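Student: Encoded as structure tokens, here's the structure I'll be asking about.
The values are calculated or read from the model by the stated rules, or taken from the named source; none is laboratory data. This is a predicted model, so every value here is computed, not measured. Virtual Cβ from ideal backbone geometry, glycine too; neighbours counted across all protein chains shown. Only protein heavy atoms, including side chains, enter the accessible area calculation; ligands, DNA and RNA are left aside. Shrake-Rupley method; radii C 1.70, N 1.55, O 1.52, S 1.80 Å.
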Amino acid sequence: MDHKDIKIGSNRNFGLVFFIVFLGVAIYPLFDDGDIRLWSFVIASAFFILGIINSRLLNPLNKLWFKFGLLLAKFISPLVMGLIFFFLVSPIAIVMRLLKKDLLNLKFTKSNTYWISKSNVKSNMRDQF
């Protein structure tokens, strides 16, 4: 998928998401009987106000966040897929080889054809329409 096909999110959603993030950072110390983080609360309030009015001031930050997400996708996606392959698919393949299973019938045989004859035919495919 080309990056030009992906549309950037709205400034309103961006502002409200970052409002929630910074509000969470601001009130997190309250769970340990601490004080609210004022700096984070001020930033959360700014994001809330700018998000509600759908301000164009959030445009540069929204684009920067979008580009950061694309950069992360270039590294994280192949990493996760590689981990899935090496820690899930490969062990299953090793176990299947140790058990001498050929679930996909990939082994080479000297027969004239690889056609599999069905003995229990459920349908003759006559009058399909």
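Student: With a point put 7 Å past each Cα toward its Cβ, work out how far N13 is from D35 in nm, to one decimal.
Tutor: 3.8
Student: Can you give the Rg/Rh ratio of the chain, where Rg is from the C-alpha atoms and Rh is the Kirkwood radius?
Tutor: Looking at the chain, the ratio lands at 1.33.
Student: Which residue fluctuates most in the GNM of the chain (Cα springs below 10 Å): A44, A73, A93?
Tutor: A93
Student: Still on this structure, please answer the following. Of all the accessible heavy-atom surface of the chain, with the other protein chains kept in place and a 1.4 Å probe, what percent is carbon and sulfur?
Tutor: Ligands and nucleic acids excluded, carbon and sulfur give 68 percent.
Student: Follow-up. Could you give me the radius of gyration and the Dmax of region 28-74, taking only the C-alpha atoms into account and expressing both in angstrom?
Tutor: Taking only Cα atoms of region 28-74, I get Rg and Dmax of 14.8, 41 Å.
Student: Still on this structure, please answer the following. With unit charges on the beta carbon (Lys/Arg positive, Asp/Glu negative), name the residue among V80, F31, Y114 whose Cα is farthest towards the positive pole of the charge dipole of the chain.
Tutor: Y114
Student: Report the full-extension gain for the segment F129 to A73: residue separation times 0.36 nm, less the Cα-Cα distance, to one decimal in nm.
Tutor: So the extension gain works out to 15.5 nm.
Student: Test of understanding: in a Gaussian network model of the chain with alpha carbons linked when under 10 Å, which of F31, F68, F86 would top the mean-square fluctuation ranking?
Tutor: Between F31, F68, F86, it is F31 that shows the largest mean-square fluctuation.
Student: Please determine, in degrees from 0 to 90 and to the nearest 10, the orientation of helix 59-84 with respect to the longest principal axis defined by the Cα atoms of the chain, where the helix direction is its Cα long axis.
Tutor: 30
Student: Label 7 Å along Cα→Cβ of I116; region 66-95 residues with amide nitrogen under 18 Å?
Tutor: Correct set: none at all.
Student: Sort 74-85, 53-64 by packing, meaning the average of other beta carbons within 10 Å per residue, with the highest value first.
Tutor: 53-64, 74-85
Student: Shape verdict for region 57-129, please, from the Cα gyration tensor: rounded (a/c under 1.5), prolate (a/b greater than b/c) or oblate.
Tutor: Taking the square roots of the gyration eigenvalues as a ≥ b ≥ c, region 57-129 is oblate.
Student: Quick one: Karplus J couplings for region 14-19, per residue in order, coefficients 6.51, -1.76, 1.60, θ = phi - 60°, nearest Hz, x for Gly and Pro?
Tutor: Using θ = phi - 60°, the values come out as 4, x, 6, 5, 6, 4 Hz.
Student: What does the charge dipole of the chain about its Cα centre add up to, to the nearest 20 debye, if the Cβ of each Lys and Arg holds +1 and the Cβ of each Asp and Glu holds -1?
Tutor: That gives a dipole near 940 debye.
Student: Follow-up. Among L104, A44, I20, pick out the residue whose Cα is farthest towards the positive end of the charge dipole of the chain, where Lys and Arg carry +1 and Asp and Glu carry -1 on C-beta, about the Cα centre.
Tutor: Highest projection toward the positive end goes to L104.
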